[in-house]
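The values are calculated or read from the model by the stated rules, or taken from the named source; none is laboratory data. Computed from a predicted structure; not experimentally measured. Don't worry about glycine lacking a Cβ; one is built from the backbone with ideal geometry, like all the others, and counts go over all protein chains shown.
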Amino acid sequence: MEEPAEGRRNGVHLLTYADRFGGDLAGLRRLLTEGPLAVFAGVHILPFFTPYDGDDAGFDPVDHATVDPRLGDWSDVVALREAGLEVTADVIVNHVSADSAEFRDWLAHGEESAYAGMFLTFDTVFPDGGTEAGITAIYRPRAGLPFTPYGMADGTRRLVWTTFMPSQVDLDVAHPVARDYLSRVMRTLADGGVRTVRLDAVGYAVKTAGTDSFMTDQTLEFVSEVTDLAHAEGLEVLVEVHAHHSQQRAVAAVTDLVYDFALPPLLLQALETGRTDRLAEWLEIRPANAITVLDTHDGIGVIDAGPAREWPGLMDHDEMAAVFEAAARRTRGESARFSTPVAWAALPHQVNSTFYSVLGEDDDAYLTARAFQLFTPGRPQVYYVGLLAGSNDVALAEQTGVGREINRHRYTAEEIEAALERPVVRTQLELIRLRAAHPAFDGEFTCAHEEDGVLVLTWTHGEHRAELRADLASRTHTVSATDHSGS
């Protein structure tokens, strides 16, 4: 892909749902182009396809190529691009809804269906039958086994892979019919104004007998191949995978962008203990083509900093457990209540909480974390709840029964207006403007260990300089910068 322009590289992007922040696509555009929130270079709109409010908040598309009419249409997405915002959208590569036309056609017509081969069945992966050891080795981000029986119209039953939910049926991504489907989706997104596609759940997309079927060598090959499919449509690719940091670096080598999911748990550890050596080590080895985050719609990943298979982590198991324990203490038990372990695991793989709540709603600590993120190399992305320093929405998590909903508040216009008056939100916006506009961020980055608990992040470009002194032990920070003339 071509090298990004300077402004785009330094610009900060927003991650949001259209319905929960603006009401619809037109409302989102007004928020991001008029008034105090007109500070972002781009916006990643979480699934706005039909339906946006299915079993998994849009990550179970019935029609991946159509904008849900309750949110608008493709002209609204184009309008965001024409307003100067780079648009990122999800390509759900692992699965579609069981209510999709393609799956329903296959159930009705079997091997005579135009979509025969598109969906992954048990015997595709285990043609000679699966053993207990082989089946229980499968890594799954939910409790139980990743299969659901479905009845065909002729009365037979098929055991379909459903990695996440029974209503999310997995694609056989090696099959030409599934590849054609993914290409069609990408072509539609590109024509509709999207610049970057995020490959959702790609780590689970390839199932290989005899492995745990998560981030295998075959998965890495698929990432490279699907990146080529996207490039053929003129799209940039962001890969979403919660995995060991060495696997993130391997993915980074074959695609355009990856997430820096290790940064948030390392920041939580440092803000809780004052320990900065792990953060400093990560800044030395992390991928350069990274999207930096504090939180996302999926909570705060901890597994990304931990060990995997035979590989040591940036944290060990006890240190990971300490992050969960500190989160539970500072959220008054809320994060522990709504974070659950994945299959065969002793710990959850993420903290379900807003980042503001997980820091005890301490403005100084929160702004220190945000400043650290914005000074870290990469493309910063701010989640809409984090932008407004949102607290845990326990009522929504209880209402839906989905732990991650604790960090997916549905903001009214009045709530947004009130949040924008809070000093913690105003200061975040000032930091975002600094990162987007200051010439120093076009230059060289250094990280220095000043004293115990203190890291100094510095950007220098000619006479321009911007510096963050982050005292993680005291949970405070200072920012200094030359003016834009360099003085």
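General observations
- Residues of the range 396-414 satisfying the condition of being assigned to a helix (DSSP H, G or I) and in contact with a Gly (Cβ under 9 Å, 6 or more places away or on another chain): Ala397, Gly403, Arg404, Ile406, Asn407, Ala413
- Residue in the range 147-164 that is closer than 18 Å to Asp298 by Cβ and surrounded by 16 or more Cβ atoms within 10 Å (Cβ to Cβ) present: yes
- Failed item, numbered, when Thr276 is tested on (1) among the polar types (S, T, N, Q); (2) surrounded by fewer than 18 Cβ atoms within 10 Å (Cβ to Cβ); (3) in contact with a helix residue (DSSP H, G or I) (Cβ under 7 Å, 6 or more places away or on another chain): (2)
- Meets criteria (under 23 Å from Thr196 (Cα atoms), in a helix (DSSP H, G or I), touching a Leu at 6+ places or on another chain (Cβ under 8 Å) and of a type in the set (A, V, I, L, M, F, W, C)) for Val237: no
- Test: residue in the range 383-395 that is in a helix (DSSP H, G or I), of a type outside the set (Phe, Trp, Tyr) and without any contact (Cβ under 8 Å) to a residue 60 or more places away in the chain: yes
- Applying the criterion of being of a type in the set (A, V, I, L, M) and assigned to a helix (DSSP H, G or I) to the residues of the range 240-257, the residue that is surrounded by the most Cβ atoms within 10 Å (Cβ to Cβ) is Val251.
- Here Val39, Val43, Val87 are screened, and the one residue that is closer than 28 Å to Arg426 by Cβ and either crowded, with 24+ Cβ neighbours inside 10 Å or not assigned by TED's automatic domain parsing to the domain that holds Arg408 (or both) is Val43.
- Set side by side, the residues Gly151, Gly192 differ, and just one is more than 30 Å from Ala250 (Cβ to Cβ), in contact with a Leu (Cβ under 8 Å, 6 or more places away or on another chain) and touching a residue at least 12 places away in the same chain (Cβ under 8 Å), which is Gly151.
- The residues of the range 257-292 that are under 15 Å from the mean Cα position of the chain (by Cα) and either modelled with pLDDT under 95 or among the acidic types (Asp, Glu) (or both) amount to a single one, Asp260.
- Meets criteria (at pLDDT 95 or above, assigned to a loop (DSSP other than H, G, I, E, B) and under 20 Å from Arg195 (Cβ atoms)) for Val77: no
- In the range 207-234, the residues that are among the aromatic types (Phe, Trp, Tyr) and under 12 Å from Val173 (Cα atoms): Phe222
Each row is one residue, and each column tells you yes or no for (1) in a loop (DSSP other than H, G, I, E, B); (2) of a type in the set (D, E, K, R).
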position	(1), (2)
Ile416	no, no
Arg426	no, yes
Glu430	no, yes
Ala448	no, no
Val456	no, no
Ala473	yes, no
Val479	no, no
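- Of the helices (runs of 4 or more DSSP H) that lie entirely inside the range 81-144, those containing 1 or more residues that are in contact with a Ser or Thr (Cβ under 7 Å, 6 or more places away or on another chain) span 101-109.
- For the range 344-366, a tally of residues being among the aliphatic types (A, V, I, L, M) and within 21 Å of the chain's Cα centre (by Cα) returns 4.
Here's the yes/no breakdown for (1) farther than 21 Å from Thr458 by Cβ; (2) out of contact with any Phe, Trp or Tyr (no Cβ under 6 Å at 6 or more places or on another chain); (3) assigned to a loop (DSSP other than H, G, I, E, B); (4) touching a residue at least 12 places away in the same chain (Cβ under 8 Å):
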{"residue": "Tyr259", "(1), (2), (3), (4)": "yes, yes, no, yes"}
{"residue": "Ala270", "(1), (2), (3), (4)": "no, yes, no, yes"}
{"residue": "Ala280", "(1), (2), (3), (4)": "no, yes, no, yes"}
{"residue": "Pro287", "(1), (2), (3), (4)": "no, yes, yes, yes"}
{"residue": "Phe324", "(1), (2), (3), (4)": "yes, yes, no, yes"}
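- Of the residues examined, Val194 is one that is under 27 Å from the mean Cα position of the chain (by Cα), part of a loop (DSSP other than H, G, I, E, B) and surrounded by 14 or more Cβ atoms within 10 Å (Cβ to Cβ).
- Among (1) in contact with a Phe, Trp or Tyr (Cβ under 7 Å, 6 or more places away or on another chain); (2) in a loop (DSSP other than H, G, I, E, B); (3) surrounded by 23 or more Cβ atoms within 10 Å (Cβ to Cβ) - the single one Arg20 does not satisfy: (3)
- Residue satisfying all of: in the range 205-227; over 21 Å from Arg142 (Cβ atoms) and out of contact with any helix residue (DSSP H, G or I) (no Cβ under 8 Å at 6 or more places or on another chain); surrounded by the most Cβ atoms within 10 Å (Cβ to Cβ) among these: Thr227
- Flag for Leu32 being at pLDDT 95 or above, assigned to a helix (DSSP H, G or I) and buried (at least 17 other Cβ atoms within 10 Å of the Cβ): yes
- Taken as a whole, the range 363-370 holds no residue that is in a helix (DSSP H, G or I), within 28 Å of Gly54 (Cβ to Cβ), of a type outside the set (A, V, I, L, M, F, W, C) and in contact with a strand residue (DSSP E or B) (Cβ under 9 Å, 6 or more places away or on another chain).
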